[in-house]
Amino acid sequence: MSLNDLWFLLIAVLFTGFFFLEGFDFGVGMATGLVPRNDQQKRLMINTIGPFWDANEVWLITAAGAMFAAFPHWYATMFSGYYLVFVFILLGLILRGVSFEFRGKAEGKWWTGTWDACILMGSFLPPMLFGMAFAALVKGVPIQQNMDLKAGFSDVFNGYTVWIGLTVVGMCLMHGLTFISLRTIGEVRDRARVIASKFLPILGVLLAGMVVWTYFATDLFARRGPYMYAAVAVGIVAYVLSWYFLKQRREGWAFGMTGAIILLTFVSLFVGLFPRFMVSSINSAFDLTIYNASSSHYTLKAMTIVAATLLPFVLAYQAWSYFVFHKRLSEKDHLEY
Amino acid sequence: MDVLELARLQFATTTILHFVYVPISIGLSLLVAIMETMYVIKKNDLYKKMAQFWGTFLLINFAVGVVTGILQEFQFGMNWSDFSRFVGDVFGTPLAIEALLAFFLESTFIGLWVFGWERLSKAVHLTCMWLVSIGTMLSALWILAANSFMQRPVGYEIHNGRAEMKDFFALLTNEQLLWEFPHTLFAAIATGAFLVAGISAWKLMHKKNLDFFKPSFKVSIIVALISSMLIPMFGHGQAQYLVETQPMKMAASEGLWENSSDPAPWTVIAGIDPEKKENSFEFKVPYALSLLSYNKLSGAVLGMNELQAQYEKAYGPGNYIPPVRTTFWSFRIMIAAGCAMIVLALYGAYLTFRKKLEGSHRWFFRLMMLGISLPFIGNTAGWIMTEVGRQPWTVFGLLQTKDSVSPTVVAGEVLFSLISFTALYLILTGVLAFLFVRTARKGPDIEPHQETVIHDPFAQGGDTNVVK
């Protein structure tokens, strides 16, 4: 495996990890508009992600940093080409992050109402827009010979991208609902589980649509047929099992299954893309790949040494933090937010 | 305005506002770590209260600092894609390491600290805060390593039309970084210290919770004194280094058009006329610029006209003189703020150790409250001098600002993001100030935490509750 391959893999892992982890806290954010019956229950839900959401977001920041360092042309093309998409992602992420912290620091209907709205919007916009951006990138965007991209409105905003965006939102919401029922006790837990069961058919339609539309709109199935069919098959199993475990009230397993659906989706995306990052709709010779977008060999080597040294520690203490806060919360607990 | 000007304006506003929150986080996390250490050593609950109370300010601020930082990272790609293509090979690495080494550390352990008071042992909990503090400092180290490359590029070669890294360790041993990092770090620590000291002074003036705010004032004023004395030490080194590596920035910050005499006098204030390339009036202190530049009473400093001629010879025709007024005055504002900080910290420390903190020192407490703003003024002016003084270069001698901007982005898009982010940042700053005042007004109060009920989430049905 060359260093270019390795860094493609690492960035794919970072993005996939981001959607798996931040996926559930986006979902919890969106579910604050569905599940709670009163303010105490809403606080309980926000507290379930309290110790985690910030570190989850760092997966995205690290992914972007790794893009910048390992594949600067990818970073430059994507971020400038999708300009307005990223403006709205950032506005969403900024408002969401401060809302968690600000919400509980003062009182008043207007105060909590404002930050509640920001949590909802900030938890919906980023997965929606990231879903659209990734869908557009695999479908093809007008990348020119000099790697510059000026994505027009219809490049990012069309039926396929919107469908994928909604599907990512749906996956996150489902993942968030199972996370809430896993991390709480009492009424919130039951309501989250019931709503998850009711939402499951909608997600099924979204997922099925994603698979079929992707088959026709992109070259992923043509390029990686055997893998893609296997992923779809495993995905169907995970989907059915998530329904079964929800019924059985085995929420840890249900959470694992909703996470598996997210993992399968994003792993498939990167498997289908490899060795490309972005597909040019003008000419496949202009595709951004792990070869023409990369940093020098020296830089990749330096980065590899750094990452190999640091990653084990990062993964270890993150896992430890999930272990420290593995106990269920109830409305009677001390709530920080 | 065109894309270039709008992108520059956006970078300036978002960076300046981001750099309001970052120093608070660096300074406060160190202070909170010190307070909690005292709690663990002295086993006195007062210090625990202190760590929790000042920790609230840290958390409010931390949230804003983190989220505004994401924009900083994305902005290089969004507004400055040609810069990103040109230096990504070198510049991206410190940014990626910053995320991997520092951001993960800060964000994970701040979560453990906030939610872990009852779940972690005292020592482990304390370690969490120290790791947060170290994380914020490491973050500063790596971002300044990237910035130092822009001030003085090292360890690279131009290849395939871009700067490619040739020596990773050269980035870390860049002498620019060795001055810039401690100078900025101590300024950040002072920012947190003056914040705590100022709020404490406010409470002392109103004679509220004296038992709580006197020790708070004491801890913070010691940190304020030490850090504000160290800032100019490293700043002086950085200025001398500037004379060697970026003489144009030095000349601009001195308003020096023609080469100075030998020994060189220091211009305290001047009326600068960039059109005529001369100063309408000047007030000078003899020998001082030689002393500042070379640590001796002799030596001339090159002026902007001479340097402009040299740069034209080296880099081709163009204007290599940065905005002189901005550079000149921001330098002086920074120094004035730094001096005022030292004076305040000295007097505050004197009162503390003479045990004169009660008594009739209302005027001093008022000054300490105003003193909260001093580090922000100094920090902002310092950054303006550093970044504006480097113009027209983004990477000194290699890449100009006009060649760094994204070619595909149009003015309307940048204008839209400029307006929305500026508005958002101003709102966040307002909310932050409101919450700071509110928290300070409420003062420390400790609500007794309830007994924790433990549940096993993986058990079938999950209903087996163990009550500890």
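The values are calculated or read from the model by the stated rules, or taken from the named source; none is laboratory data. This structure is a prediction, so every number in the text was calculated from the model and none was measured. All Cβ positions, glycine included, derive from the backbone under ideal geometry; neighbour counts span all protein chains shown. Areas reflect the complete protein model, heavy atoms only, side chains present, ligands, DNA and RNA absent. Shrake-Rupley method; radii C 1.70, N 1.55, O 1.52, S 1.80 Å.
Quick look at the numbers
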{"read-out": "Shielding by other protein chains, B:408-420, mean Cβ within 10 Å", "value": "3"}
{"read-out": "Percent antiparallel among DSSP beta bridges (both partners in the protein assembly as shown, rounded to 5)", "value": "90"}
{"read-out": "A:K301 - accessible surface, heavy atoms, 1.4 Å probe, Å² rounded to 10", "value": "100"}
{"read-out": "Residue among A:T299, A:T309, A:T214 with the largest mean-square fluctuation in a Gaussian network model of chain A, springs linking Cα atoms under 10 Å", "value": "A:T309"}
{"read-out": "Set of lysines with alpha-carbon distance to A:K247 below 18 Å, sequence-local pairs under 8 removed", "value": "A:K198"}
{"read-out": "Peptide A:326-337 - average C-beta neighbours from other chains (10 Å radius)", "value": "5"}
{"read-out": "Residue-level accessible surface for B:T394, protein heavy atoms, 1.4 Å, Å²", "value": "10"}
{"read-out": "With DNA, RNA and ligands ignored, accessible area of B:H361 (1.4 Å probe; Å², nearest 10)", "value": "30"}
{"read-out": "A:S2/B:D403 FRET efficiency (R0 25 Å; Cβ-Cβ; nearest 0.05)", "value": "0.20"}
{"read-out": "Shielding score for A:98-105, defined as the mean number of other chain Cβ atoms within 10 Å", "value": "5"}
{"read-out": "The range A:206-337: relative contact order in percent, alpha carbon pairs under 8 Å with at least 6 residues between", "value": "15"}
{"read-out": "Tilt relative to chain A, helix A:39-49 - C-alpha long axis, 0 to 90 degrees, to 10", "value": "40"}
{"read-out": "Cleavage-rule hits (trypsin sites (Lys or Arg not before Pro)) in the range A:1-76: DSSP loop, at most 12 neighbouring Cβ within 10 angstrom", "value": "A:R37"}
{"read-out": "Crossing angle, helix A:109-139 versus chain A [Cα axis fit, 0-90 degrees, rounded to tens]", "value": "30"}
{"read-out": "Entries of B:K42/B:K218; A:K105/B:K207; B:K207/B:K355; A:K105/B:K356; A:K42/B:K203; A:K109/B:K49 with Cα pairs more than 27 Å apart", "value": "A:K105/B:K356; A:K42/B:K203; A:K109/B:K49"}
{"read-out": "Carbon/sulfur fraction of accessible area - the range A:1-109, other protein chains in place, 1.4 Å, %", "value": "62"}
{"read-out": "Cut-off 10 Å between beta-carbons: net charge of the residues surrounding A:V58, Lys and Arg +1, Asp and Glu -1", "value": "-4"}
{"read-out": "Cα-based shape type of the protein assembly as shown, given that a ≥ b ≥ c are square roots of the gyration tensor eigenvalues and the cut on a/c is 1.5", "value": "oblate"}
{"read-out": "Helix axis angle, A:159-183 relative to chain A longest principal axis, alpha carbon, degrees", "value": "40"}
{"read-out": "Contour excess over end-to-end distance, with Cα ends at B:S373 and B:N319 and 0.36 nm allotted per residue", "value": "15.9 nm"}
{"read-out": "Ranked order, B:S260, A:S99 - accessible area, probe 1.4 Å, largest first", "value": "B:S260, A:S99"}
{"read-out": "Residue of A:V205, A:V35, A:V138 that the Gaussian network model of chain A assigns the largest fluctuation, springs spanning Cα pairs under 10 Å", "value": "A:V205"}
{"read-out": "Alpha-carbon centroids, the range B:295-336 and the range B:91-156: separation in whole Å", "value": "35"}
{"read-out": "Spatially proximal aspartates and glutamates relative to B:K214 (Cα-Cα < 14 Å; intrachain offsets below 8 disregarded)", "value": "B:E358"}
{"read-out": "The range B:1-153, accessible area per residue, ligands and nucleic acids excluded (1.4 Å, Å²)", "value": "26"}
{"read-out": "Solvent-accessible surface ranking, highest first, for A:L263, B:L17 at 1.4 angstrom", "value": "A:L263, B:L17"}
{"read-out": "Per residue value of the accessible surface for chain A (all protein chains in place, 1.4 Å probe), Å²", "value": "34"}
{"read-out": "Eligible aspartates and glutamates near A:K327 by straight Cα distance, threshold 20 Å, same-chain separation 8 or greater", "value": "A:E22, A:D25, A:D54, A:E187, A:D190, A:E251, A:E336, B:E118, B:E451, B:D456, B:D463"}
{"read-out": "Centroid-to-centroid separation of the range B:419-446 and the range B:230-255 [C-alpha atoms, Å]", "value": "35"}
